[in-house]
Structures are given as structure tokens and as C-alpha cells.
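Asker: Mind having a look at this structure? Questions to follow.
Quick note: the coordinates plus some simple rules give every number you see, no bench work behind them. These figures come from a predicted structure and were not determined experimentally. Neighbour counts run over all protein chains shown; Cβ positions are idealised from the backbone, glycine included.
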Amino acid sequence: MNSFSSVLRRNHKISCLSADLGGHISMQTLAKLIAYLFLALISVLVLCCMRTAVLIYTRPPPPPPCARNETEGYIDSAGSWGRLKRAVQFETVSYSPHHYNKQQIEAFGRYLTQAFPSIFHSRYVRHDIINGYSMLLAVRGKNASLQPYMLMAHMDVVPVVQSEWVWNGFGANESPDGNRMYGRGVIDNKGQLMAILEALSYMLNKGDQPVRSFFVSLGHDEEVGGEDGAAQVANELRRRGYNQLAFIVDEGMVVLDGLIPGFSFAGVGVTEKGSLNLNISVRAEGGHSSMPPAQSSIGILATAVSRLESNPHPLIFDELTEDFVEKIALDLPFPLNVICSNIWIFKPLIKWVLSKGMTKSMIQTTTAVTMIHGGLKSNVIPPSAWAIVNHRIHPSQTIQQIIDRDIAVINDDRVHVEKMKNFVAAEAHPVSPHDPTKDWPYHVLEKSVRQIYPKAVALPVSMVANTDTRHFLDFTKHIFRHNPVRLHVKELPMIHGRDEFITRSSFESSINFFYHLMLNANEKVEVLPPLEHTTEL
Ligand SMILES: [Zn+2]
């Protein structure tokens, strides 16, 4: 009985309240509601600002910047620029897997051994040609108990369509002021290759031996998959017992200006998107065009393609994106810094912003229809039609998930979806640990970036293109894809495009970067498992 009357009383209260809200809210109640809402809003804003302030004031100070010629004028400006010029003139073009300009790659390799006598005649360096063309240098450190790391670059380049270029693709011509050099590969990737060798040569010329040993791997067919080059270097390292490395740095994201006005960021690829080519095909009845079916194979295929394009894969705001946004946050002006420091509340807004620019491909599996074919003759109903869809897979998704979703989106049994033949699909790479306070390898890389580019923030990102690191995924979980040249976002299309150029200051900063990386890697922090190798470097 008691409980029954209490239920009645409660129901009465609720109906009074709903009458209050639905029917006639008194002015007093309304004012109270607005005041509460206002107070809540202010509290959230204060909380957001406080969190931003705490993040700003607790972040560790950047390392002191390192000038190009800080101590002994170590960058031989004229010499290194001249050697790069010569390097670019070798037409080391890769065309397709196992098909590349062998004669020029061999000549380039020979040139390197002559250009850097301090490396190739050093008692600390072992030099091997792998599979005929790739090069593997082993630099012996003083402390053999430290796990070695590896620097990578590649000797080959993509072809030049000379009619599209203003400059000679292999001329290594300079701008009139001498500050730019044009040529295929100056950025991708001979600039990086030469910068590594210049830094190593400088160190050895001084008579210094590194504390930690390291390898330098120069592949010769990266642009066509690296099966003959990097994959064989990996086998050679395994053969020598070096199947574990402290970390790897290979080509990758650059130091980029212009993405956000007044802001420069050094992208560090801590993972690589996967890649997948799907062949989407339709077979249907052929016949004469005078008696057409309701929908031809081309029509069915066109509908499938249209469905794929109008149903893009979802935007994914994962942990890596959070880290990226939080890193960028502290250098942004108010109120952007407050927004980006408080993902917990502004996530939908940030996701929307990221989906609007170049950053979209970082947070999504992309879909690009790159080829289509159908039809034989103007008056024949096509018996078949096919298209190729290229996906770059987000690190949190798998090849199978992408295929399953595409089939579901197409939703048509007449359309056949399969992996393209003669193309090796690749899963996305694992994400390398990238907390500079906990992960020593990332700390070494970030410190080197900040020493050379003090105004650029090192940002962990997902690399959208592919590199030779795919052959070394089992050697270490600490793989970083970074090319320490400075570019404006508008200049990115020249990579694999036309009139590729490098500035002298970018090239010298790259040398400086690798030299500092070699020094920073000597830090006696060893949080890695001990060596288990059996043979010498
Ligand atoms: Zn490359």
C-alpha cells in the first residue's frame, strides 16, 4: 500500500514538471535554466583552457638548435653540392619489377665508391654489393653490445617524361642564383642517399668512430617494389644474424610548410598505409547493338563504380590521429590550440576539419578508380567490362575488410570483385611507438629533427606512399619514414612529377640531420634486448 502511494506521488511530481516544461515555463525557471547552461559552458571552456595551459607549461623544452656550420664548418658546401650534381646525372631509372637501368645503377654505385674514399676505405666500414647492385655498409661502433640501427635510401628513380619538364631531367641544372638543383631524384631519393654518405664521410674524416654500430642500406629497385634490392639486403642481414635492429630510418615525410599558414611540421611516418588493387569485372550477354539488353556490362560496371565513389570508406579517428592533433595543438594560435588540446570534447569538429584537406587521406582508406575498359566496336554489345580500383588502406583496417565492404557497397551479384593479378597487395604497416618520453628510438629521431628544424614540430603520421621498409618489418617495431628536406605543400607534386628540385639549404640541412642522428644514436640508453648475432657486422 505504502509503495503504491509513493508511486502515485512520484508520478504526480513528474506530470507537474512536464506540464511546467511543455506548457508554460515560468520566466524564473527559464532564467535559471539559461544560467545553468551558461555556467556549464563557462566551466567547460575554463576546463579546456586549463588543460591547454597545463600541456603547454609541462612540455619539455626543445633541444638547442644546431647551425649548419656550428663547430668546424663541417659541411663542405661546394664539394657536397657537386657530388649531388654528379649523382643526379646517372639515369638510374626503374621501369617495372626486375626491369631497371642496370648499367647506370652499376655506374652510380662505382661513382659512390670513388666519391667517398673516407667511407669505402675506412677500417670501421664493411662494404658489400648485394644482388649485383644494392649496397650495404656496416659501420662498426665502439660498443658491440649495443643493438645496431639502420639508415636507408634508394639509388633508383622513376622515369622522366621530358616533354613535361622545363629542365633536363638528368641535367642537374642549377637555378641562376645557384640555390636550386633540378633533376629526377634530387628529393626522391638521391638527396637523402648523398646526405647520409656526406654525414658518414664527415664523421670518419674526423677520425671518429660511432659508439653504436649501424648499417646503411641503399636499395636499387625501390620504385618497383624492392624485391631485388632491399628484400635481398634483408636476407643478407638475416644471414649474418642481424635480424633485430634498434630502429630504422628510411625515406618518407618531409618538413612541410604551408599546410597551416605560418606553421611548419616535420612529418615522421610511423606507419605506412596498405595498398590494394581490385579488379572489378562484369560478364554479360553480347550481341548486336540493335537489340540491346536493359543494361550492358558497361552499364552494370558504371553503377558499381559510382556506388564505390559515392560511399567512401569511413573516416577513422584513431590513437595515431589523436597523437598527431595533440602534438600540433600546442603550437597553434588561440583558439585553435584550445580546440586541438581538447579532443575529448571537440573530436567531431576536428574530424570534420581533417576531412576537408590533404589530411583526409591520413584518416581514411582511399578509393581511386584508376583504369576502366569495356567494349569492342560501336555496334557490338560488350560481353565484358572491367575497372581497377586502387585502395590505400588505413592502418586500422585489413585487406579482407576492404574487399568485404566493397562487395557489400556494390551489392550486385553480377559484379565480380577480385585482387588484381601481378600486383602484390600489402597490409598497412604496424604503428611504431612514438612517445618521445618513453620510446628511445623515436626520441633520437625527434631530437635530431628539432635540432635542425627548431621551428618545426615533429609529427607522427601515417605515410600514404610505400617504401622499402616493407622488407624489414620483422627487424624492429621502431621504423620511421622521414626525409629531412624542407618543402612547401605546393611543391609536393614535383616528387614523381615534373621539374623536381632541391634547395641547397635543404640538402645541407639533410646532411646536418643525419650527422646529428648518428651522434644522438650514441646516447647510452639501452632499453632494447641484447644482441644475439653470431657473426661480425
Ligand atoms: Zn623514394
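Asker: Taking the condition of being within 16 Å of the ligand (Cβ to nearest atom), of a type in the set (A, V, I, L, M, F, W, C) and either over 14 Å from residue 254 (Cα atoms) or assigned to a strand (DSSP E or B) (or both), how many residues in segment 454-473 meet it?
Answerer: Summing the residues that are within 16 Å of the ligand (Cβ to nearest atom), of a type in the set (A, V, I, L, M, F, W, C) and either over 14 Å from residue 254 (Cα atoms) or assigned to a strand (DSSP E or B) (or both) in segment 454-473 gives 2.
Asker: Based on this model, can you work out whether residue 254 counts as touching a residue at least 12 places away in the same chain (Cβ under 8 Å), within 16 Å of the ligand (Cβ to nearest atom) and out of contact with any Phe, Trp or Tyr (no Cβ under 9 Å at 6 or more places or on another chain)?
Answerer: It is true that residue 254 is touching a residue at least 12 places away in the same chain (Cβ under 8 Å), within 16 Å of the ligand (Cβ to nearest atom) and out of contact with any Phe, Trp or Tyr (no Cβ under 9 Å at 6 or more places or on another chain).
Asker: For segment 338-358, what are the residues that are touching a residue at least 12 places away in the same chain (Cβ under 8 Å) and out of contact with any helix residue (DSSP H, G or I) (no Cβ under 8 Å at 6 or more places or on another chain)?
Answerer: Listed by number, the residues that qualify are 347, 357.
Asker: Check segment 251-265 and report whether any residue there is aliphatic (A, V, I, L, M) and in contact with an Asp or Glu (Cβ under 8 Å, 6 or more places away or on another chain).
Answerer: no
Asker: Restricting attention to segment 474-499, report how many residues are assigned to a loop (DSSP other than H, G, I, E, B) and under 16 Å from residue 189 (Cβ atoms).
Answerer: Residues meeting the conditions: 3.
Asker: Still on this structure, I have one more. From the list 137, 84, pick out the single residue that is assigned to a strand (DSSP E or B) and closer than 28 Å to residue 516 by Cα.
Answerer: Result of the check over 137, 84: 137.
Asker: I've got another one for you. Return the total of residues in segment 170-186 being within 16 Å of the ligand (Cβ to nearest atom) and among the small types (Gly, Ala, Ser).
Answerer: Matching residues across segment 170-186 total 2.
Asker: Let me ask something else. Being without any contact (Cβ under 8 Å) to a residue 12 or more places away in the chain, among the charged types (D, E, K, R) and crowded, with 16+ Cβ neighbours inside 10 Å, is that true of even one residue in segment 490-497?
Answerer: There is at least one residue in segment 490-497 that is without any contact (Cβ under 8 Å) to a residue 12 or more places away in the chain, among the charged types (D, E, K, R) and crowded, with 16+ Cβ neighbours inside 10 Å.
Asker: Residues in segment 408-427: is at least one closer than 20 Å to residue 219 by Cβ, away from the ligand (no atom under 16 Å from the Cβ), among the acidic types (Asp, Glu) and surrounded by fewer than 24 Cβ atoms within 10 Å (Cβ to Cβ)?
Answerer: Checked against the condition, which is being closer than 20 Å to residue 219 by Cβ, away from the ligand (no atom under 16 Å from the Cβ), among the acidic types (Asp, Glu) and surrounded by fewer than 24 Cβ atoms within 10 Å (Cβ to Cβ), segment 408-427 yields no hits at all.
Asker: A further question follows. Pull up segment 187-209, narrow it to residues that are touching a Ser or Thr at 6+ places or on another chain (Cβ under 6 Å) and among the polar types (S, T, N, Q), then point me to the one that is farthest from the ligand (Cβ to nearest atom).
Answerer: So, considering only residues that are touching a Ser or Thr at 6+ places or on another chain (Cβ under 6 Å) and among the polar types (S, T, N, Q), the one farthest from the ligand (Cβ to nearest atom) is 205.
Asker: Quick one: count up the residues across segment 210-224 that are within 12 Å of the ligand (Cβ to nearest atom), surrounded by 22 or more Cβ atoms within 10 Å (Cβ to Cβ) and farther than 16 Å from residue 106 by Cα.
Answerer: 1
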